[in-house]
Amino acid sequence: MQQDQATPIVNNQNQAEPSKQAGEYLAFSEQAFNSSTNQRILFFHAPWCPQCRDLDKDISANTVPAGVTIFKTDFDSSQDLKKKYGVTQQTTVVLVDSNGNLVKKFVAYDSPTLKSVVTNLL
């Protein structure tokens with residue numbers, strides 16, 4: 001799923017600490033991913049996956065940490081990204097560095113919450 005511009009899924013700025021802007025939750029696009037200066041997490045999501053829907057709802061309902069952007073990435077159509085990061089299961093979340101290299105990954109299948117993503121990746 002490639003888009004020309006990032007589509008905000010949620011803007012959690014109203015829940016942020018006054019001195020820090022909340023992170024972002026965006027639909028994946030190469031342009032947004034490559035231009036982000038935040039820590040970047042790819043969330044491999046499939047609309048047919050109940051745990052993916054649960055994690056999507058939880059991320060949307062909570063505040064993404066400041067300095068972090070989570071990119072909702074389509075599991076079924078993102079073959080190149082899945083191969084690059086060794087993703088074989090939906091609900092996989094991948095932390096990448098500023099060069100796009102894998103730092104850490106976690107499968108949130110058994111614990112599809114933003115808290116588990118933050119605890120296991122950041």
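The values are calculated or read from the model by the stated rules, or taken from the named source; none is laboratory data. Bear in mind the structure is a predicted one, so any value in this text is a computation, not a measurement. Reconstructed Cβ throughout: ideal geometry from the backbone, glycine too, with neighbour counts over all protein chains shown.
Of all residue pairs spaced 6 or more apart or on separate chains, those with beta-carbon atoms under 8 Å, a first member in the stretch 97-120 that is of a type in the set (D, E, K, R) and a second member that is part of a loop (DSSP other than H, G, I, E, B) and exposed (fewer than 13 other Cβ atoms within 10 Å of the Cβ) are LYS105/GLY86.
Among the residues of the stretch 94-115, is any surrounded by 17 or more Cβ atoms within 10 Å (Cβ to Cβ) and among the basic types (Lys, Arg)? For the stretch 94-115, residues surrounded by 17 or more Cβ atoms within 10 Å (Cβ to Cβ) and among the basic types (Lys, Arg): present. For the stretch 12-34, the candidate set comprises residues that are surrounded by 15 or more Cβ atoms within 10 Å (Cβ to Cβ) and modelled with pLDDT under 55; within that set, the residue that is farthest from THR73 (Cα to Cα) is ALA16.
Of all the residues in the stretch 28-62, those that are in a helix (DSSP H, G or I) and of a type in the set (A, V, I, L, M) number 4. Pairing each residue of the stretch 52-69 that is in contact (Cβ under 8 Å) with a residue 12 or more places away in the chain with any residue that is of a type in the set (Asp, Glu), provided the two are 6+ apart or on different chains, yields C-beta distances under 9 Å for VAL64/GLU24; ALA66/GLU17; VAL68/GLU24; THR69/GLU24.
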